[in-house]
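All remarks here apply to the structure that follows.
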């Protein structure tokens, strides 16, 4: 391999001060995704204050978030089950950065919450009402719901999961 | 966000800043500073790439020699575009042409001043030097040669 | 599995890895492709097909960016296509090229991987929001670091691994990269530096992560007949494997990358590697984060589950150790232009197995090595075994 | 059609169920590799590869994405089988165009950001320029373009897979002269899964497999400035590769039915010429003579093509292949072509601004 490989690196100032020619562009790509049968019903359930899963009649697995198929048996699933709004922290992080990498003053605690009675199935959410140092894998948690009148059929209808003390 | 559980709205919350690159920098700077069109020469294939590249797409030679292209082209095809980039109707339809240059491989796609036909001789009209920014839009449009 | 044709790597090239390249993506692809061709003394006219790898379009900011990059990658008027398996793309690109030749359809394939992340503002990280499930994850405002932190936490907890042992990987790889002429950072860091760097999403700290980069890599593949005409020292792709786990990452245990193990078994089977711990002389597992190297050593079956931190602590994985891991400096040291970084690992295997890695050369005349990449939602493993 | 009632995963799952039933395979047991097709900006998701395995039965198996039309994925699966690595490979492609709010904003992102995008014009201006160059060089008229539209819409009427609404009037509403609104195939949703098998495996699965005799894919320059205008060099090159593998020397005589890209009306004629289906004649003359009709000597797009069925983004190529398979099996029903069908050709193009496409030659 060559000792002086190709590539001309720039500093941020070169770009900011237009030392080199650049073109800027704001994309306007927008989407309106159809939630479909399974996620549509899941989100409707959240609006009603319920966590819904699907069950495979072949292997008995409960899927949450739900789907209309069992990916392991490759069968259509049509059995719906209402799940409790309690669970266990499978794993978590204490995040000091926002999506755009800006720094947060108060950390967010994202976690995978295994929903009770769903085997090890669960979903990504946030842990609240907890000091960062007290959150542990295996911690028991319960959903804190948004008020019924502001729920809109979104994952954020659960505001967060709080520790069960 | 989700007002109807039947759909979820979303986008890409980013924007982009593209460098013109090594050859693009040379090309746009020549337009900006000197009102000239330059091509990159592949001596292996005997082709002058317009816009210039740092490589010949046919033989993958590295191109480092730039040659001036005379500002006199020929309309290869034209169209009358009625919509903007998002599909909205333009207030005025825009004449667009693909212009080839006899001494160059490639050409320039740009607006034309008024209608043109295939085979018409046209030339690039540059913006006044003080208004040029180092963009393909430093060419105001192409116009028919008198 | 009865693979009919042998495929060799006969040339390789790469650009510097840079935080912001002046070159366009096309120009980066060209620079790497040109070097790969030149190193094999081949002309593009002698190349039958071109395979490209590149990660999200939202970095370069071009829809169908495979089409955009085509001419720089040497695809003019050739059979050309782009594979895309997230972070697994770079190593997968070599697999993509491999079946072009192994199928017998083509004698040669130029494989190019490119990434220009600096086009994406305000920060390339922002684009990662859009890798999350559009319906039930994006509304929570996630960022990429979360998934690593969640996986790392699970891994650490399961095997009771202290953070210091994980940070040791970053120290090693950044040091190894000092000898890589393409390295973006080329700055050593002490254990203390890593452990005191800014906490982003615990347990992930700033220096646990590889830097965002622009860059490109390329390798030239040839059938056995052609390879023997081109070079006396072809390096054989003797095994390939890939495996994609379920999308539903919150329904599985993240402590062990079973998809990497599946991909590794597939590649080892094909290569006749029955005991990877003995038969693999060195490895380039995917290391975008320090713990990932350990995770992937275990996934590649190079040690027992939970044993990788111990081997690292004992110095086994140093360049002069018994099982050198990431002698290139890896993504942590050289930089992480996603797809290009993966293919850089294939380049490193090529150079090492030919004895051409210069200051980075591992001792003991290595014969067999493995490169691996990982991607998607902690989901795909791509594995290539190469032999000198 | 649009499919607002199901998600993309559910749409794909339904196609996969149908394909596996048709092939008589269980994907968890029998399918060894899966090749999917997608582009991030069509999905609104980065690294869409993440979201593909479950609904096709591919979880924890070799699954990969080719960022291209489904016909490229089919060619990929074909190569994978030829290596000896796998016996049965599934190919998936889909379109959830109805999830995209404004397709123009997506096409815009495909334009060269330095030289073309700053003009601020709708990407269909490229089709306008190309159409004009083609009409000019070939002597094709706008009347011929309208005839293509009429033929393909008519064929689609008897195709149960075609969308049954959304066709605009034939009034030549200007988009980018000479391109009019009806020249553009209207977008549609759909999902397709195709199962490929090595020879022995195929014979074990069914008595009447359809064989892939050749595949080809190729690209001209991605740069508008240095590509061939007026003729579809990418299609000619892809055809050449596929014909060589299929040992076809005179495609106009040897191909019995063709499904070729008609994203824009003129493209059908341009592609027919590039693929050698006009054997030196001009395609528009053959169109006039009825050669391409359902009961003609060389029926083209008996399915109705994209203009009749709806344009399904990266799924288009598999739609073409599936129609040829039906024609070869003699199971196309009301749109079965008249004459005996031994050899069929399917071709696809990736749309503006690309100069890339693929070809597959199939036979009974």
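No value in this document is a laboratory result; all are computed from the given coordinates. Keep in mind that what you see is a predicted model, and the values were worked out from it rather than measured. Heads up, the Cβs are rebuilt from the backbone with ideal geometry, glycines too, and the neighbour counts pull from every protein chain shown.
The stretch D:143-211: D in µm²/s via Stokes-Einstein (Kirkwood Rh, Cα pairs, 25 °C, 0.890 mPa s)?
Estimated via Stokes-Einstein, D reaches 160 µm²/s.
Gaussian network model of chain C, Cα springs within a sub-10 Å range: biggest mean-square fluctuation belongs to which of C:339, C:167, C:373?
Taking springs between Cα atoms under 10 Å, the residue moving most is C:167.
Take each of the peptides C:99-108, D:299-308, A:133-142, average the number of other beta-carbon atoms within 10 Å over its residues, and list them starting from the highest.
Highest mean packing first, the order is D:299-308, C:99-108, A:133-142.
If the stretch D:150-300 were replaced by its equivalent ellipsoid, with semi-axes equal to the square roots of 5 times the Cα gyration tensor eigenvalues, what would those be, largest first, whole Å?
Those come to 28, 22, 17 Å.
Rg and Dmax in Å for the stretch A:31-163, alpha carbons only: what are they?
Values for the stretch A:31-163 (Cα only, Rg and Dmax): 15.7, 48 Å.
Is there a simple number for the mean count of other chain Cβ atoms within 10 Å of the Cβ of residues in C:39-48, and what is it?
2
Could you quote the convex hull projected area for the stretch A:1-85, Cα atoms only and averaged over all directions, in nm²?
Computing the convex hull of the Cα atoms and averaging its projections yields 13.2 nm².
Taking neighbour Cβ counts within 10 Å as the exposure measure, how do D:240, D:61 sort from fewest upward?
Result, fewest neighbours first: D:240, D:61.
Across the residues of C:201-208, average count of Cβ atoms on other protein chains within 10 Å?
Mean number of neighbouring Cβ atoms from other chains: 3.
For the stretch C:164-315, what value does the Rg/Rh ratio take when both radii are computed over Cα atoms and Rh is the Kirkwood radius, given to two decimals?
1.00
May I have the extent of the alpha carbons of the stretch C:15-71 along their three principal axes, as whole Å values ordered from largest to smallest?
34, 23, 14
Determine Rg/Rh for chain B; Rg is computed over alpha-carbon atoms and Rh is the Kirkwood hydrodynamic estimate from the same atoms.
Checking Rg against Rh, the ratio lands at 1.09.
Quick one: Cα convex hull volume of the stretch B:1-61, Å³ per residue?
Convex hull of Cα atoms, per residue: 154 Å³.
Convex hull volume of the Cα atoms in the stretch C:232-388, per residue, in Å³?
For the stretch C:232-388, the hull spanned by Cα atoms encloses 102 Å³ per residue.
Take the alpha-carbon positions of the protein assembly as shown, form their convex hull, and give its projected area averaged over all directions (one quarter of the hull surface) in nm².
39.0 nm²
Within 10 Å, count the other beta carbons around each residue, average over each peptide in B:120-131, B:90-101, D:64-75, B:13-24, and list them highest first.
D:64-75, B:13-24, B:90-101, B:120-131
When the convex hull of the C-alpha atoms of the stretch D:56-211 is computed, what volume per residue in Å³ does it have?
Looking at the stretch D:56-211, the number lands at 204 Å³ per residue.
Name the most mobile residue of A:63, A:34, A:118, meaning the one with the largest mean-square fluctuation, in a Gaussian network model of chain A with Cα contacts below 10 Å.
Of the options given, A:34 has the highest mean-square fluctuation.
Just how many % of Cα pairs in the stretch D:20-106 lie over 20 Å apart, if you round to the nearest whole percent?
Every Cα pair in the stretch D:20-106 considered, those over 20 Å come to 37 percent.
Report the residue, chosen from D:158, D:137, D:33, that carries the largest GNM mean-square fluctuation when chain D is represented by alpha-carbon nodes joined by springs under 10 Å.
Top of the fluctuation ranking is D:137.
How big is the Kirkwood radius of the stretch C:1-100, worked out from every pair of different alpha carbons and given in Å to one decimal?
Averaging 1/r across every pair of different Cα atoms and inverting gives 14.4 Å.
Give, in whole angstrom and from largest to smallest, the semi-axes √(5λ) of the equivalent ellipsoid of the stretch D:308-350, with λ running over the eigenvalues of the Cα gyration tensor.
21, 11, 8
What average count of beta carbons from other chains do you get within 10 Å of the Cβ of residues in B:105-111?
Shielding by partners across B:105-111 averages 5.
Along the three principal axes, how long is chain C when you take its alpha carbons, biggest first, rounded to the nearest angstrom?
52, 45, 39
When B:110, D:271 are ordered from fewest to most other Cβ atoms inside 10 Å of their Cβ, what list results?
With the fewest neighbours first, B:110, D:271 line up as B:110, D:271.
Over all directions, average the projected area of the Cα convex hull of the stretch C:239-332 and note it in nm².
Dividing the Cα hull surface by four gives the mean projection, 6.1 nm².
Taking the 0 to 90 degree range and rounding to the nearest ten, how far is the long axis of helix B:21-34 tilted relative to the main principal axis of chain B, both from C-alpha atoms?
With both axes taken from Cα atoms, the answer is about 70 degrees.
Taking neighbour Cβ counts within 10 Å as the exposure measure, how do A:94, D:12 sort from fewest upward?
Taking fewest neighbouring Cβ atoms as first place, the list is A:94, D:12.
Evaluated at 4 °C with a viscosity of 1.567 mPa s, what Stokes-Einstein diffusion coefficient in µm²/s does the stretch D:185-272 have when Rh comes from the Kirkwood expression over alpha-carbon pairs?
Rounded, D is 82 µm²/s.
Show me the ranking of peptides A:9-20, D:188-199, D:100-111 by mean Cβ neighbours inside 10 Å, starting with the highest.
D:188-199, D:100-111, A:9-20
Which whole-number percentage describes the relative contact order of chain C, with Cα contacts under 8 Å and a sequence gap of 6 or more?
The value is 26 percent.
In Å, the Kirkwood hydrodynamic radius of chain D over pairs of distinct alpha carbons?
Computed over Cα pairs of chain D, the Kirkwood hydrodynamic radius comes out at 20.4 Å.
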